[in-house]
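One structure is given here, and the rest of the page talks about it.
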Amino acid sequence: MTILIPAPMTASAVGPQLPRAAAVVRAFTASPDDDLHPVLVVAAALAIEHRLRVGVDAIVGDPRADDPVVAAAARTVCARDAACAVLIERIDRWAAIEFAEGRAGVLHTESLGQLIERMATVWMRGQALADSRVGASDPRVRLASAQLGELGAAYDDLVTDLRLGRRRLPALQTPRARTGRCNQWRRQ
């Protein structure tokens, strides 16, 4: 009688390695470093884009701001949105290549890039509150922290499911630059 012993599972046997949510969140405070995992490099760049956008969002929403200042800030918001769309697409293209074989699982509702971008958005909201010296007991701080925790858990679950072939990512769906409200500020 022959007993077959399965080969040990390696990273390549279960799919590409993706960083865990904690590493993604740590990347938000780091500078993009080419030695990091490609997803972490882009996550760091997304956090930079979100930080650049914080100040201009306040200007756009300020009813006392002068129209030319608001218009300039709105163009900056559009530029930040376009830069984020390109970064999301970089993550999605990487994931499409790395997970090309795992097309049998249940379809996930959003791309990997979109999920990481949502994590960066919530993380930045928490950072903006911390920068404004809002206390930790403030409900907005607790909400941002809880949302980031939930997104992190969802990300880690997705990573596990992708590696095991239980889930698959949608086809690339992020446009190169977002359209809509930004079109109204473009010069003809």
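The values are calculated or read from the model by the stated rules, or taken from the named source; none is laboratory data. Keep in mind it's a predicted model, so treat the numbers as computed, not measured. Note: ideal-geometry Cβ built from the backbone for every residue, glycine included; neighbour counts use all protein chains shown. Only protein heavy atoms, including side chains, enter the accessible area calculation; ligands, DNA and RNA are left aside. Shrake-Rupley method; radii C 1.70, N 1.55, O 1.52, S 1.80 Å.
May I ask for the percentage of alpha-carbon pairs in the range 20-100 that lie more than 15 Å from each other?
Here the tail beyond 15 Å accounts for 62 percent of pairs.
Calculate the length of the line joining the C-alpha centroid of the range 37-53 to that of the range 115-143, in whole Å.
Cα centroid to Cα centroid, the span is 16 Å.
What is the Cα radius of gyration of the range 67-116 over 2.2 N^0.38 Å, N being its residue count?
Numbers: Rg = 16.0 Å, N = 50, 2.2 N^0.38 = 9.7 Å.
Compactness ratio reported: 1.65.
For a quick check of understanding: with a 1.4 angstrom probe and all protein chains in place, what accessible area in square angstrom does residue 99 have, to the nearest ten?
Estimated to the nearest 10 Å², residue 99 gives 20 Å².
Quick check for me: using +1 on Lys/Arg Cβ and -1 on Asp/Glu Cβ, what's the dipole size of the range 44-120 about its Cα centre, in debye to the nearest 20? Don't skip to the answer; put the middle values down first.
Values: 9 positive and 12 negative charges, 19 e Å.
Dipole magnitude for the range 44-120 comes out near 100 debye.
Enumerate the amide H contacts of residue 167 below 5 Å, restricted to partners 5 or more residues apart or on another chain; note that Pro and chain-start residues carry no placed amide H.
106, 162
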